[in-house]
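The values are calculated or read from the model by the stated rules, or taken from the named source; none is laboratory data. What you see is a predicted model, and the numbers here were worked out from it, not measured in a lab. Here the Cβ is made from the backbone with ideal geometry for all residues, glycine too, and neighbour counts use every protein chain on show. Just the protein is used for accessible areas: all its heavy atoms, side chains included, with ligands, DNA and RNA removed. Shrake-Rupley method; radii C 1.70, N 1.55, O 1.52, S 1.80 Å.
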Amino acid sequence: MMGEFHYARYPREYWEESLLKMKAAKVSIVAAYVFWIHHGEIEGEWNWSGDRALRELAVLCARHDLYLFLRIGPWVHGECRNGGFPDWLPQRCPVLRDDYPVYLDYLEKFYHQIYRQIEGYLFKDGGPII
């Protein structure tokens, strides 16, 4: 069974308790949006700390034998402003969610940032991320 956990919207000090509650309810896969707007709110600056510590979420899932399914978008509904796109992005890219080269360049940077956070935690590496 899969359950949704929006880690960046929840205080980090309660993550472990919440994951254990999910596990007690027979959830074995934790799905989590990686909202671009939460991690790249300011162009060129990345925030993967505190309540946005994606790597820590992977560590906790591994510790408690929970799979982690990342929903990396880039566009995500999840009741998030701009579909999760940072506010600055539409000002730089007149075309979003397309093969527009400027958009794809920004998207590649975002995906690279995600990979840096989860490196070593993919299922193929023995980690929880499926």
All-but-one check, Arg116 against (1) modelled with pLDDT of 95 or more; (2) closer than 30 Å to Ala25 by Cβ; (3) open to solvent by 90 Å² or more (accessible area, probe 1.4 Å); (4) not aliphatic (A, V, I, L, M), failing number (2)
I'm trying to understand the selection: among the residues of segment 1-23, which are farther than 15 Å from Val34 by Cβ and part of a strand (DSSP E or B)?
Met2, Gly3
For segment 93-109, indicate whether the set of residues that are open to solvent by 70 Å² or more (accessible area, probe 1.4 Å) and within 29 Å of Met22 (Cβ to Cβ) is non-empty.
no
From the option list Arg97, Arg55, Arg116, single residue qualifying as outside any helix (DSSP H, G or I) and basic (Lys, Arg) is Arg97
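For every residue, the table says whether it meets (1) charged (D, E, K, R); (2) within 21 Å of Arg81 (Cβ to Cβ); (3) modelled with pLDDT of 95 or more.
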| residue | (1), (2), (3) |
| --- | --- |
| Glu4 | yes, yes, yes |
| Glu13 | yes, no, yes |
| Glu16 | yes, no, yes |
| Ile29 | no, no, yes |
| Tyr33 | no, yes, yes |
| Ile37 | no, yes, yes |
| Glu43 | yes, yes, yes |
The lone condition Asp65 fails out of (1) in a helix (DSSP H, G or I); (2) over 18 Å from the mean Cα position of the chain (by Cα) is (1)
Can you go through Gly126, Gly78, Gly44 and tell me which one is small (Gly, Ala, Ser) and surrounded by 12 or more Cβ atoms within 10 Å (Cβ to Cβ)?
Gly78
Which residue out of Tyr111, Tyr67 is at pLDDT 95 or above and in contact with a strand residue (DSSP E or B) (Cβ under 9 Å, 6 or more places away or on another chain)?
Tyr67
Filter result for Ile37 (of a type in the set (A, V, I, L, M, F, W, C), assigned to a helix (DSSP H, G or I), out of contact with any Pro (no Cβ under 9 Å at 6 or more places or on another chain) and at negative phi):
no
Do you know which residues across segment 81-92 are surrounded by fewer than 12 Cβ atoms within 10 Å (Cβ to Cβ) and of a type in the set (D, E, K, R)?
Arg81
